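Reviewing the structure listed below.
Here, each number is a calculation from the coordinates, and none is a lab measurement. Keep in mind the model is a prediction, meaning the values are calculated, not measured. Note: ideal-geometry Cβ built from the backbone for every residue, glycine included; neighbour counts use all protein chains shown.
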Amino acid sequence: MTTWTAFTTADSQGPAETLGEALEALDPAPTGIGVFEIEDRSGRWEVGAYFTERPDEAGLALLAAAHGARPFAVSRLDDRDWVAQVRRELCPVEAGRFVVYGAHDAHRIPPQKVGLKIEAPMAFGTGHHGTTQGCLTLLDRIARRGEVATRVADIGCGTGVLAMAAARIWPARCVATDIDEIAVRTARENVAANALSPWVLTARATGFRSDLLRRFAPHHLIFANILAAPLKRMAPDIARHLAPGGIAILSGLLTHQAAGVAAVFAGHGLVLEERVDIGDWASLALRRTGR
């Protein structure tokens, strides 16, 4: 199936997010929309959309102008099986006791490792990014200290790999949510492929606005692998939904952003216990104090 892409950049987060929302009203509608901070420390954001038929380029131009973004670059991709290609090119990734792998690499997983099979690499969280590796490394260290979390939330779950990792090492009820329907569907498929459906529940949600998250709160462990600015905004909600003594593992942070994020969370009673830096990315483990 032929795929069309349309990409642009905006100078800040707000216009990028509103542009991403506006793209949903296009006809033909995109099958997927992504809004991401560009990893060059420029402060710019990228907005992308995927289409199964040629997009309305005039409509795209109007939306870009209305939101102060640069003109969209529209491209047509050939009929190559991109999912199959990605699966071939991604090698297993180790983080602590965990190994994230594709089904084609099942034979390469050492028996002493905890394997997490990712069948559909069409959402963030294949393990090849420093943020996912950092979160898994912190989870492994927490578990090796003898800590146990029986209620876990994974906010912005992507492929669902973090929730699955927790469910593999503890008798934990995990709730994995994302704002993107494609990510939720991907996570659900991966949960089923790892035979974890009874333990990991998935839902589409913005932040903590989810009946599932409220039902199982307070959580002993909360993952939030997102971006620095949304994490700061979510600090009060994360503190409110985290059990006393519970741990939040945060990532999606460039190393120079980590101290600022930790300071915001400290103001809500979460104290930094450990930090892992992988490349330009930082992951933090913070514990909620008080009762």
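Show me the ranking of peptides 45-56, 204-215 by mean Cβ neighbours inside 10 Å, starting with the highest.
My ranking of the peptides, most packed first, is 45-56, 204-215.
By how many nm would the segment from Ala193 to Glu53 lengthen if fully extended, with 0.36 nm per residue of separation less the alpha-carbon distance?
Fully extending the segment from Ala193 to Glu53 adds 47.4 nm.
With a cut-off of 9 Å between beta carbons, the residues surrounding Ala243 carry a summed charge of +2, where Lys and Arg count +1 and Asp and Glu -1. Taking the Cα centre of the stretch 3-77 as reference, the dipole from Cβ charges on Lys and Arg (+1) and Asp and Glu (-1) amounts to some 220 debye. Here r is the Cβ-Cβ distance between Asp27 and Val264 and R0 is 45 Å; the resulting FRET efficiency, rounded to 0.05, is 0.65.
Checking (1) 59, 41, 37; (2) 57, 46, 36; (3) 68, 42, 40 against Cα extents along the principal axes in Å calculated from these atoms, the matching label is (2). Comparing mean-square fluctuations of Ala163, Ala229, Ala258 from a GNM of the chain with C-alpha springs under 10 Å, the top value falls on Ala229. Inter-label distance, Glu274 to Asp140: 1.1 nm, where each label sits 7 Å from its Cα along the C-beta direction.
Taking the Cα centre of the stretch 125-288 as origin, sum charge times position over the Cβ atoms of Lys and Arg (+1) and Asp and Glu (-1), and report the length of that vector in debye to the nearest 20.
480 debye
For the stretch 176-225, what class follows from the C-alpha gyration tensor (a ≥ b ≥ c being the square roots of its eigenvalues): rounded when a/c is under 1.5, otherwise prolate if a/b is larger than b/c, else oblate? Cα axes put the stretch 176-225 in the oblate bin.
Considering only Leu201, His219, Ala282, the residue lying farthest towards the positive end of the dipole of the chain is His219, judged by Cα position with unit charges set on Cβ. The stretch between Ala203 and Ile38 holds 56.7 nm of extra length on full extension. This uses 0.36 nm per residue minus the Cα-Cα distance.
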